[in-house]
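Here's the structure, in structure tokens; my notes come after.
Bear in mind these aren't lab numbers, they're just calculated from the coordinates by the rules spelled out. It should be emphasised that the depicted structure is a prediction, and the values quoted were computed from it without experimental measurement. For neighbour counting, all protein chains shown are included, and Cβ atoms are generated from backbone atoms with ideal geometry for every residue, glycine included.
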Amino acid sequence: MQFVAGNSSFMCQVFTWYGATIEMDGATELDYIADETPMVSYVNVHAILEGRRSRAKASSSNDYDSFQGPRVIVVGPTDSGKSTLSRMLLSWATKQGWKPTFVDLDIGQGSITIPGCIAATPIELPIDPVEGIPLDMPLVYFYGHTTPSNNVDLYKVLAKELARMLERQFTGNAESRAAGMVINTMGWIEGVGYELLLHAIDIFNANVILVLGQEKLWSMLKDVLKNKPNVDVVKLQKSGGVVSRNAKVRQKTRSYRIKEYFYGLVNDLSPHSNIANFSDLAVYRIGGGPQAPRSALPIGAEPAADPTRLVPVSINRDLLHVILAVSFAKEPDEIISSNVAGFIYITDVDIQRKKITYLGPSAGDLPSKYLIVGTLTWLET
């Protein structure tokens, strides 16, 4: 197996049961052989999940829990190895012939698509450590920010919509239902972050919670879920190979993810520059504006911003270098509940000619005129 890092830095861990010879070409910042590893416990988790999938597939009972495969949610603080463990569990499942669903709720980094999104996709083959997750059939909802604190209510609404769509798919597909899902989460586990974890566990009906690297979180979840006998909360050790990343590194990683969307992992894609009239597009922001006029509120009450209100956005130079999502919605009131077709990057706004220039992954007209804007920006370099 050959790993090619491309233009960005690349970190890789290799585990073997029987020993291996690794050849490295070029200079490395650090390389070492670890004495301890939590891999045995990770493989044990996989074995238990495999048993549950097999029982779900063989079940002829009408009981909901009997024919439902494992719904695993991986939680833990920032830089605890959640994404890596999720990918390993998914890859091991595919090697056994399953096609589990991967759900990514980490809007800060984005494992399935660009940051600022929550998404899900079926995994049919082991995930390549360099090329990542294939995007054949992703279901993507655009949140538009890299932290839930920008609009917590919107994050909950989109996560619930994603869960509802997956539930509908599972209802009509016994194989996918038995294969189950693996859910990757954010590293925000305090305060509102903890509330969002509980919300995700609830709406996705998670029955296996894997807690990485924090005893306190494991204890809290164990206590709050003690009345749910079908939910297992499992504490796992964080891998010693996990590297902490500061804010600058995270921002750089986000930029690479956006660049990869348009240009490919090793610049093997050719995005197209397109021009559209202002009148051909309709840009919206979700959240903002008063929920109700002051006159309609009780005496003494103050108007509050509606976190899910759809607000039209004027096309001007404020959109320069902004990432917009192209919605599948047919009408504006469908935007919040609709997934997105893809993304465009605004490179120029000509106010006099009323034309906008954007970079898209392909040539031709956009699938929809309805575009969603958040706070996600990118400076092409």
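The number of residues in the range 86-111 being within 23 Å of Pro38 (Cα to Cα), of a type in the set (A, V, I, L, M) and touching a Ser or Thr at 6+ places or on another chain (Cβ under 8 Å) comes to 0. Pro148 passes every criterion in (1) closer than 30 Å to Ile336 by Cβ; (2) in contact with a Ser or Thr (Cβ under 8 Å, 6 or more places away or on another chain) apart from (2).
Table: residues versus (1) under 20 Å from Thr253 (Cα atoms); (2) touching a strand residue (DSSP E or B) at 6+ places or on another chain (Cβ under 6 Å).
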{"site": "Ile107", "(1), (2)": "yes, no"}
{"site": "Ile112", "(1), (2)": "yes, yes"}
{"site": "Leu125", "(1), (2)": "no, no"}
{"site": "Val152", "(1), (2)": "no, no"}
{"site": "Lys160", "(1), (2)": "no, no"}
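Residues that are of a type in the set (Ser, Thr, Tyr) and out of contact with any strand residue (DSSP E or B) (no Cβ under 7 Å at 6 or more places or on another chain) were ranked within the range 163-194; the one that is farthest from Asn205 (Cα to Cα) is Tyr194.
Which of the residues belonging to the range 345-375 are over 17 Å from Arg317 (Cβ atoms) and touching a Lys or Arg at 6+ places or on another chain (Cβ under 9 Å)?
Ser368, Tyr370, Ile372, Gly374
Would you call Pro100 out of contact with any Phe, Trp or Tyr (no Cβ under 6 Å at 6 or more places or on another chain) and crowded, with 24+ Cβ neighbours inside 10 Å? Considered against the rule, which asks whether it is out of contact with any Phe, Trp or Tyr (no Cβ under 6 Å at 6 or more places or on another chain) and crowded, with 24+ Cβ neighbours inside 10 Å, Pro100 comes out as yes.
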